[in-house]
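Worksheet: one structure, shown below.
The values are calculated or read from the model by the stated rules, or taken from the named source; none is laboratory data. None of the values given here were measured: they were computed from a predicted structure. Every residue, glycine among them, receives a Cβ derived from its backbone with ideal geometry; neighbour counts consider all protein chains shown. In case anyone asks, the SASA skips ligands and DNA or RNA and just uses the protein heavy atoms, side chains included. Shrake-Rupley method; radii C 1.70, N 1.55, O 1.52, S 1.80 Å.
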Amino acid sequence: MKTFIVIPAHNRKNITRFCLRNLYSTGVLEHTSIVVVDDGSKDGTSEIIRNEFPEVILLHGDGSLYWTGAIEEGMRYAMNHGADCVVWLNDDSRVERGSIERLAQVAIETGGIASALGYVDMHTIGKKWFFPALQKTPQGVEHQDVLPNTGLIRTDSFRGNLVAVSRNVVDRIGYPSGRSIPHVAGDSDYGLRASAAGVPCHLVTDVLLEELSTVRADNQSWLLGEIPMLRLWKDIFSKRSSFYPPMRWIYLGRHWGWRGLRQFPLPYLKLAAITLIRLLIPRPLILSLYGGRSYAWNTTAWSRSVTRDILAGGGVPGTNKDQ
């Protein structure tokens, strides 16, 4: 079985370095090829890879690939070089020994897609949060709570942090939609396309993946966060945003038809209402009224601390930075 690991990278060299060191420590190079797609990094990411990880295959973008485009580019390379299975891996994740092999085995045996069970270690409060399985409903994607070591769970889609895709899937539905779904929802879209075509998608609950920077700046509370409203409006029109209008229109229409398209304007109307509230009500009063009930607000502290440590080159809490 010929397996390729595809890792998108963009301007976070210390995170990418940590990811590759972690992968090397699991011994995957003995039977797996690693492809990093550096999408126009300006921080020396490619130089680090060439100097410290010469076995890694390095592909380049000009900054316009984003996550889905980078995954697509890497998958095309892998398939053109005889891959039986392609494994997606986000560089802000920690992989355990045997994880790649297990997922690839499930993907090949089922002829489908196998996803790891991702989790976030909320180290400041001593809990782990496991990401749910994603099931399609007429109203959208429903989250199903999942615990480790509960078998293979059939799912309609998945998070793309660590996912194995068999060649059979590409032969049936093609590649991820790098142009129309450039960043957020690229993984969900591919999973929904696959399950709609009858391709089996499984969450493999005995394969755990620690995700190290899950809550991003664009996931912070619009009402309670510190991001200025002008920047929020600018950010939702970025291709990296989950509310990027062209992407959202295609995604909703592709998977839910007219029912989905009715939901299209809702986040923009919500942001307009929040803009008005923030203009009229002082921020301390808003925080006192709503802060205790906001998941995004209450999780920002530990997420920022983890990401900050990695970006500073200090490793990850609970790890040896020289691993």
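Structural remarks
- Farthest positive-ward along the chain dipole, Cα basis, beta-carbon charges - from 249, 15, 112: 249
- Exposed loop sites, defined as GluC sites (Glu not before Pro) outside DSSP H, G, I, E and B with at most 10 other Cβ atoms within 10 Å, are absent from the longest region of the chain, namely 56-225.
- Think of the chain as a dipole: +1 on every Lys or Arg Cβ, -1 on every Asp or Glu Cβ, centred on the Cα centre; then among 58, 203, 25, 203 lies furthest on the positive end.
- Positive-end ranking of 82, 177, 284 along the dipole of the chain, with charges on Cβ about the Cα centre, is headed by 284.
- Rounded tilt (10° steps) of 266-280 against the dominant C-alpha axis of the chain: 40
- Tensor-based shape of region 152-292 (alpha-carbon gyration tensor, a/c under 1.5 rounded, otherwise prolate or oblate): prolate
- Accessible surface, per residue, of the chain when the full set of protein chains is kept, probe 1.4 Å, Å²: 46
- Between the amide H of residue 5 and those of 33, 34, 35, 87, distances stay under 5 Å, these residues lying 5 or more places away or on another chain, with hydrogens modeled in the peptide plane.
- Angle in degrees between helix 295-311 and the longest Cα principal axis of the chain, rounded to the nearest 10: 50
- DSSP-defined antiparallel bridges as percent of all bridges, the chain, nearest 5: 50
- Using Cβ point charges alone (K and R +1, D and E -1), the dipole size of the chain about the Cα centre works out to roughly 1180 debye.
- Rounded to the nearest 20 debye, dipole of region 34-183 from Cβ charges on Lys, Arg, Asp, Glu: 460
- Residue among 157, 25, 177 with the largest mean-square fluctuation in a Gaussian network model of the chain, springs linking Cα atoms under 10 Å: 25
- Dipole magnitude for region 143-223: computed about the Cα centre from +1 point charges on Lys and Arg Cβ and -1 point charges on Asp and Glu Cβ, it is near 320 debye.
- DSSP-defined beta bridges in region 1-138 - what % are antiparallel, rounded to 5: 20
- Taking the DSSP bridge list for region 115-246 and keeping only pairs wholly inside it, about 70 percent are antiparallel.
- Taking every DSSP helix (H) stretch of at least 4 residues in the chain, weighting each as -39,500 (n - 2.57) and dividing the sum by the residue count yields a mean residue ellipticity at 222 nm of -12500 deg cm²/dmol.
- R0 of 30 Å, Cβ-Cβ distance residue 270-residue 42: FRET efficiency to nearest 0.05: 0.30
- Here the contact order of region 156-203, divided by its residue count and restricted to Cα pairs under 8 Å and six or more residues apart, works out to 52 percent.
- Tilt relative to the chain, helix 186-196 - C-alpha long axis, 0 to 90 degrees, to 10: 70
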